[in-house]
Amino acid sequence: MTGSVVVVTGGIGGAKLVLGLTHVVPAGKLTAIVNTGDDTDHLGLRVSPDIDTLIYTLSGLSDTERGWGRKGETWGFMASLRTIGGEDWFNLGDHDLALHVERARRLRAGETLSQITADFAAKLGAGIPIIPMSDQPVATRVITDEGDLAFQDYFVRRRCAPRVESIRFEGAEAARPSPGVIEALAAPDLEAIIIAPSNPWLSVDPILAVPGMADLLRAAKAPVVVVTPLPGGKAVKGPTAKIMEELGLELTAASIEAHYAGLADAFLLDDADPPIGSPHAACDTWMTSLDDRIRVARAALDLARR
């Protein structure tokens, strides 16, 4: 594949696939559109977890043992905050803190999230354009048996314990795709759009909730390939399986197929998944090593090519 590729992504699973794609897509031809529904204001700072996870992963700064944040992190700020009674349920490492402080400062100065993200990605050596889904804030809200919770309250403070009843995206109606999204999807040499094995409800749906986003994906002159996030009906990480069960959905590739009906052209399944009705291929989609990530990336692009 010599044309350009766009990957729609969020979370750790998505970052793994993007890393694999950087090894098989020619330099300058890969763009990532990233979920910002997880973004939050905390301690007066603006935190963009999915953007930062992807930047750290691609620049070799991620803590692969802990699974999130920066490697070699220290926690002096949190320790000091705790001694004076500050909120300590959302951990901000000393090195990670720099991005949130600078992002908040530059947003207040009038820069867009796209401008700031591009600068961070370039300075830290991410190597590809990382584009927020929108420059307008969209906040994922999880409606649960304990009430309407902000995403980070549900995900971090409550550790996904409340039962999910529905999910909404606050501010989506006033948002629009960021300029970089529109440019990437209109590229004349676009050959593939890959939807990463991110949580469909928490990481991809916020992106699709931005008015016009789904239309841009459908109108793009390239196939949309979904890498399913449930190899053999098992969630790799996070609350995907729990949410599906609470929403009354079966833990199958067929449920993922139904979720993306009308948008996806083909699906990359795991070898352990039964066939589905849509065009599909299968491989081992567990991504433990870099070789695994590259294997899945190649399989997704091969499917798009076919």
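Out of Gly233, Gly171, one residue alone is more than 24 Å from Asp270 (Cα to Cα) and free of Cβ contacts under 8 Å to residues at least 60 places away in the same chain. It is Gly171.
Consider region 180-206 and keep the residues that are in a helix (DSSP H, G or I) and more than 15 Å from the chain's Cα centre (by Cα). The one that is farthest from Thr112 (Cα to Cα) is Leu185. Looking for something of a type outside the set (D, E, K, R), in contact (Cβ under 8 Å) with a residue 40 or more places away in the chain and farther than 18 Å from Thr31 by Cα - is there at least one such residue anywhere in region 222-229? Scanning region 222-229, I find at least one residue that is of a type outside the set (D, E, K, R), in contact (Cβ under 8 Å) with a residue 40 or more places away in the chain and farther than 18 Å from Thr31 by Cα, so the answer is yes. Only residues that are touching a helix residue (DSSP H, G or I) at 6+ places or on another chain (Cβ under 9 Å), assigned to a loop (DSSP other than H, G, I, E, B) and not aromatic (Phe, Trp, Tyr) were counted in region 244-278, giving 17. Listed by position, the strands (runs of 3 or more DSSP E) inside region 126-165 whose residues that are out of contact with any Lys or Arg (no Cβ under 7 Å at 6 or more places or on another chain) and buried (at least 19 other Cβ atoms within 10 Å of the Cβ) number at least 3 are 130-132, 139-144. Residues in region 156-178 that are in contact with a helix residue (DSSP H, G or I) (Cβ under 9 Å, 6 or more places away or on another chain), more than 26 Å from Arg108 (Cβ to Cβ) and not acidic (Asp, Glu): Cys160, Ala161, Pro162, Arg163, Val164, Ile167. Of the residues in region 207-220, at least one is assigned to a loop (DSSP other than H, G, I, E, B) and surrounded by fewer than 16 Cβ atoms within 10 Å (Cβ to Cβ).
Mind counting the residues in region 166-179 that are surrounded by fewer than 19 Cβ atoms within 10 Å (Cβ to Cβ) and assigned to a strand (DSSP E or B)?
Of the residues in that region, 3 qualify.
Candidates are the residues of region 48-67 that are over 17 Å from the mean Cα position of the chain (by Cα) and touching a residue at least 12 places away in the same chain (Cβ under 8 Å); the one that is nearest to Met287 (Cα to Cα) is Gly60. Taking the conditions (1) under 20 Å from the mean Cα position of the chain (by Cα); (2) closer than 20 Å to Pro177 by Cβ in turn, Glu111 satisfies each one other than (1). Checking each residue of region 75-84 against the condition of being under 18 Å from Phe120 (Cα atoms) and either in contact (Cβ under 8 Å) with a residue 12 or more places away in the chain or acidic (Asp, Glu) (or both) gives no match.
Computed from the coordinates by the stated procedures, all read-outs in this text should not be read as laboratory data. Only a predicted model underlies this, so the values are computations on that prediction, with no experimental measurement involved. Note that we place each Cβ from the backbone using ideal geometry, even for glycine, and neighbour counts take in every protein chain shown.
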